[in-house]
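Asker: Below is a structure I'd like to ask you about.
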Amino acid sequence: MTLPPTRIGRSIYLQLCPRIQSTFAYKGIIQPPNRSMASSAKASSRLLDVKDSEWKPAFIYGTAWKKERTAELVKLAVQNGYRSIDTAAQPKHYQEDLVGDALREVYAQNVVARKDLYVQTKYTTPAGQDPSNMPYDASAPLEDQIHTSVASSLKNLRPSPSSEEDSYVDALLLHSPLPTVEQTLQAWSILESYVPGKIRSLGISNVTLPVLKSIYENSTVKPSVVQNRFYPQTRYDGLLRAFCSQHGITYQSFWTLTGNPRLLKSEPVVQLSNDVGVSNEAALYALVMDQGIVVLNGTTSVKHMEDDASGIRKVREWAQSNDREWSAIVEAFGRAISSNLV
């Protein structure tokens with residue numbers, strides 16, 4: 001039975017950004033959206049009846065702050081079902097080279113093929129770098145900084161030691177806007193020259209709605225990804241997420257747990273947790289994904305990797321059999337984050 005797309009979040013699955021899908025079909029990680037939903041912010045999620053064989057939780061593994069454990073944890077994440085990886089050319093917080101080491105190992109072991117992984121990285125401005133350990137010369141012109149950073153990322157993330165010429169990333173994000181909108185647009189224009197060859201799509205992190213609109217209105221290659229904090233201080237990015245939904249931009253959340261201690265204990269989250277028999281964390285992840293959001297998950301625990309995925313799967317199975325109760329919880333959660341009641 002096909003459920004009508006009448007509410008935000010009728011699914012634990014996310015709506016795929018059409019722009020990314022058209023380029024590389026998102027590696028089979030997520031399914032193409034219902035085209036009739038693309039222009040409606042009120043119908044931004046996938047339906048609950050996505051085939052079980054095709055369904056996956058909408059997680060992307062975050063590699064920040066993993067330090068010397070980066071390679072080990074990336075391999076564990078891939079071995080435990082993650083098919084999306086986030087990193088950055090920012091040695092201060094990320095070990096992009098170790099991410100590449102881990103990915104080459106899982107490719108060589110036939111755990112997964114490069115074509116079946118989504119890998120995104122970032123260009124970080126000098127303000128976000130450790131001056132003693134940078135991937136480019138901070139005194140160089142912006143264009144040179146970006147070209148050097150991209151070259152470093154492509155080398156780090158190459159699929160095999162001898163395949164640098166075949167290296168590409170599925171998305172490259174500006175880690176933040178630059179000091180002015182004009183500089184941000186300049187950086188974006190430089191990155192556009194790599195699309196769709198070495199970089200398949202572009203995005204931006206830590207962005208406000210006015211800046212995102214400026215990029216969208218003034219770019220040739222439109223943003224495909226926004227990665228922001230999902231927390232009450234920004235009113236959960238309600239207006240920005242609506243803009244993303246209306247323009248086919250995938251919204252990725254970080255600080256989903258750590259930035260939301262009250263939301264984690266809110267009535268709809270606790271009710272879902274109790275009704276299904278899963279942790280509050282899994283219930284919150286499920287409800288956030290149900291808003292059409294891809295969640296960054298940077299856990300260092302294999303048990304949490306397994307529990308998060310199995311918990312969301314249990315929520316999905318329960319929701320398929322308890323549509324009325326599920327819809328009520330979804331609507332209560334939507335009211336809570338839209339009115340900042342938590």
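The values are calculated or read from the model by the stated rules, or taken from the named source; none is laboratory data. Source: prediction; values computed, not measured. So basically every Cβ, Gly included, is an ideal-geometry build from the backbone, and we count neighbours across all protein chains shown.
Asker: Show the residue pairs that are 6+ apart or on different chains and have beta-carbon atoms under 6 Å apart, the first residue being within region 62-87 and more than 20 Å from residue 110 (Cβ to Cβ), the second being of a type in the set (D, E, K, R) and part of a strand (DSSP E or B).
Answerer: 62/86
Asker: Every residue in region 122-146 that is part of a strand (DSSP E or B) and either modelled with pLDDT under 95 or not aromatic (Phe, Trp, Tyr) (or both), please.
Answerer: Result: 122, 130, 133.
Asker: Go through region 128-166 and report how many residues are of a type in the set (A, V, I, L, M), without any contact (Cβ under 8 Å) to a residue 24 or more places away in the chain and closer than 23 Å to residue 223 by Cβ.
Answerer: Looking only at that region, the number is 1.
Asker: Quick one: is residue 311 surrounded by 16 or more Cβ atoms within 10 Å (Cβ to Cβ), farther than 23 Å from residue 227 by Cα and without any contact (Cβ under 8 Å) to a residue 40 or more places away in the chain?
Answerer: Considered against the rule, which asks whether it is surrounded by 16 or more Cβ atoms within 10 Å (Cβ to Cβ), farther than 23 Å from residue 227 by Cα and without any contact (Cβ under 8 Å) to a residue 40 or more places away in the chain, residue 311 comes out as yes.
Asker: Output yes when any residue across region 285-295 is farther than 15 Å from residue 58 by Cβ and among the aromatic types (Phe, Trp, Tyr), and no when none is.
Answerer: No: region 285-295 contains no residue that is farther than 15 Å from residue 58 by Cβ and among the aromatic types (Phe, Trp, Tyr).
Asker: Further, regarding this structure: Residue 194 - would you say it is within 16 Å of the chain's Cα centre (by Cα) and either of a type in the set (Gly, Ala, Ser) or surrounded by 18 or more Cβ atoms within 10 Å (Cβ to Cβ) (or both)?
Answerer: When the stated conditions are applied, residue 194 does not pass them.
Asker: State which residue is farthest from residue 309 (Cα to Cα) when the search covers only region 265-280 and only residues that are crowded, with 19+ Cβ neighbours inside 10 Å and not hydroxyl-bearing (Ser, Thr, Tyr).
Answerer: Checked region 265-280; the qualifying residue farthest from residue 309 (Cα to Cα) is 268.
Asker: Give the residue that is surrounded by the fewest Cβ atoms within 10 Å (Cβ to Cβ), with candidates limited to residues of region 178-188 that are without any contact (Cβ under 8 Å) to a residue 60 or more places away in the chain and under 16 Å from residue 212 (Cβ atoms).
Answerer: Selected residue: 180.
Asker: Checking the structure you have, find out if any residue of region 249-259 is among the aromatic types (Phe, Trp, Tyr), within 30 Å of residue 72 (Cα to Cα), surrounded by fewer than 20 Cβ atoms within 10 Å (Cβ to Cβ) and under 15 Å from the mean Cα position of the chain (by Cα).
Answerer: Step one: filter region 249-259 for residues among the aromatic types (Phe, Trp, Tyr), giving 251, 254-255.
Next cut, within 30 Å of residue 72 (Cα to Cα) only: 251, 254-255.
Filter once more, keeping what is surrounded by fewer than 20 Cβ atoms within 10 Å (Cβ to Cβ): 255.
Those still in the list that are under 15 Å from the mean Cα position of the chain (by Cα) too: 255.
Yes, the conditions are met somewhere in region 249-259.
Asker: Does region 159-216 hold any residues that are in a strand (DSSP E or B), closer than 15 Å to residue 227 by Cβ and in contact with a helix residue (DSSP H, G or I) (Cβ under 7 Å, 6 or more places away or on another chain), and which are they?
Answerer: 169, 172, 174, 202, 204 - these are the residues of region 159-216 that are in a strand (DSSP E or B), closer than 15 Å to residue 227 by Cβ and in contact with a helix residue (DSSP H, G or I) (Cβ under 7 Å, 6 or more places away or on another chain).
Asker: Here is a list: 119, 106. Which entry is buried (at least 18 other Cβ atoms within 10 Å of the Cβ) and part of a helix (DSSP H, G or I)?
Answerer: Working: 119 fails: part of a helix (DSSP H, G or I).
Only one candidate qualifies: 106.
Asker: Can you name the number of the only condition in (1) under 20 Å from residue 119 (Cβ atoms); (2) among the β-branched types (Val, Ile, Thr); (3) in contact with an Asp or Glu (Cβ under 6 Å, 6 or more places away or on another chain) that residue 294 fails?
Answerer: Every condition holds for residue 294 apart from (3).
Asker: Looking at (1) surrounded by 16 or more Cβ atoms within 10 Å (Cβ to Cβ); (2) within 30 Å of residue 69 (Cβ to Cβ), can you tell me which one residue 316 breaks?
Answerer: For residue 316, the exception is condition (2).
Asker: Next question, about the same structure. Hey, can you tell me all the residues within region 58-93 that are assigned to a strand (DSSP E or B) and among the β-branched types (Val, Ile, Thr)?
Answerer: Passing the criteria: 60, 85.
Asker: Tell me whether region 257-268 contains one or more residues that are within 25 Å of residue 176 (Cβ to Cβ), among the aliphatic types (A, V, I, L, M), modelled with pLDDT of 95 or more and touching a helix residue (DSSP H, G or I) at 6+ places or on another chain (Cβ under 9 Å).
Answerer: Yes - at least one qualifying residue is present in region 257-268.
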